[in-house]
Amino acid sequence: MLAINPNLVIGEQEIIIMAGPCSVESVEQMVKVGEVLHKCGIKVIRGGAYKPRTSPRTFQGLGLDGLKIIRSIADEFGFCVVTEALSVEQIPLVNEYADIIQIGSRNMQHFPILWAAGELRKPILLKRGFMNTIEETLFAVEHIMSKGNDRIILCERGIRTFDSETRFTLDLSAIPILKSRCGLPVIADPSHAVGKANLVTPLSLASIAAGADGLLIECHPNPDNALSDGSQSLPLEIMPRFMDQIKKVAIAIGRTVETNDSINK
Ligand code: PEP
Ligand code: MN
C-alpha cells in the first residue's frame, strides 16, 4: 500500500486509473482531457513533457512548458500528476511539478537516475524495461530503495517478443509475480504494450483480473492528430464506457473503482 497523498492510496482495494495523453501538446488539449477525466472520476493525470522517443526525428515534448501545463490543469481539476524525468538533471525540476515521477522503460537500468529517485521521498512510477526480466526489475527497485525511497509503484508495460502483431507483449504473469515478490503496488500499461487502441480495453480488463492495482492509459481528444502514440490512444469520448467496464471486472474480484456515478446510469 502506498499513500500518494492522504486522499489517494494505491495498493489497497481501490483500483487507481492514471490517464492522459502520451505527450502534453497544448493547453487546449489538456483542458479537454482534464474535463473528461474529471467527469469519469479519474484521479491521476498523465502526460509527458520530456519524451523518450525512439526516433530523434519525432516530437520530443514541450519540456518545461509541458510541465507547467499539466500542473495547472491538475490543480484546476484536483488531479495528481504523473510525468517522466528522462535524466538525473531533470529530476529536481520534474519533482517540482509532479506528484509521481515516472522512470520510463528505457531508463529502468539507468542506475544514476534510480539513485537520484531514491534520494527523494516522492512516489516513483518505475516502468519495467521492455527487454528486462522480472528479476532485473526487482533489482531496479532495490537500487531506488538503497537510497531510502520505498515509495515505488511498479508498472508492467509490455516486453519485446517475436510477435509483431502488437507493439510489445503485455506480460500478465509479471503482475502477480511482482506483487508477491516485493509487496509494492503494481499497475499495468496496456497502451504501450499493445500499441493499438482497440486492444487497450481487453488488456486492461485482463490486467485488473490478474491483480493490477491500477492502469496507466493513454487517451487523446483527437488520436489521429496526436503528436505521439496516437494509434494506441483511446479517444476521450470512450473513457466513460471504459471506466464502466473496468468497474465491472473490479467488482467481480472484490475491488472498487471510483467513477463519477452519472456515467454509470
Ligand atoms: C510513457 O509512458 O510515456 C512511455 C514513454 O512509456 P515507456 O517508458 O513504457 O515506453
Ligand atoms: Mn506514449
Selection within the stretch 231-251 - without any contact (Cβ under 8 Å) to a residue 24 or more places away in the chain and either within 16 Å of ligand 1 (Cβ to nearest atom) or within 29 Å of Ser180 (Cβ to Cβ) (or both)
Lys247, Lys248, Ile251
Is it the case that some residue within the stretch 110-121 is within 16 Å of ligand 1 (Cβ to nearest atom) and surrounded by fewer than 21 Cβ atoms within 10 Å (Cβ to Cβ)?
yes
Among the residues that make up the stretch 149-170, is at least one of them part of a helix (DSSP H, G or I) and either surrounded by 17 or more Cβ atoms within 10 Å (Cβ to Cβ) or of a type in the set (Lys, Arg) (or both)?
no
Can you say whether Leu125 is surrounded by 24 or more Cβ atoms within 10 Å (Cβ to Cβ), out of contact with any Ser or Thr (no Cβ under 6 Å at 6 or more places or on another chain) and more than 28 Å from Gly78 (Cα to Cα), as far as the supplied structure shows?
no
Which one of these is surrounded by 23 or more Cβ atoms within 10 Å (Cβ to Cβ) and among the charged types (D, E, K, R): Arg53, Arg71, Arg46, Arg57?
Arg46
Filter the stretch 215-265 for residues that are in contact with a Gly (Cβ under 9 Å, 6 or more places away or on another chain) and part of a helix (DSSP H, G or I); which is nearest to Gln102 (Cα to Cα)?
Gln232
Considering Asp189, Asp213, which residue is acidic (Asp, Glu), at pLDDT 95 or above, within 30 Å of Glu28 (Cβ to Cβ) and in contact with a strand residue (DSSP E or B) (Cβ under 7 Å, 6 or more places away or on another chain)?
Asp189
Please enumerate the residues belonging to the stretch 181-195 that are in a loop (DSSP other than H, G, I, E, B) and either within 11 Å of ligand 1 (Cβ to nearest atom) or crowded, with 21+ Cβ neighbours inside 10 Å (or both).
Leu184, Pro185, Asp189, Gly195
So Leu93 passes all but one of these: (1) over 29 Å from Ser146 (Cα atoms); (2) hydrophobic (A, V, I, L, M, F, W, C); (3) surrounded by fewer than 23 Cβ atoms within 10 Å (Cβ to Cβ). Which condition number does it fail?
(1)
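The values are calculated or read from the model by the stated rules, or taken from the named source; none is laboratory data. All of these numbers come straight from a predicted model, not from anything done at the bench. Don't worry about glycine lacking a Cβ; one is built from the backbone with ideal geometry, like all the others, and counts go over all protein chains shown.
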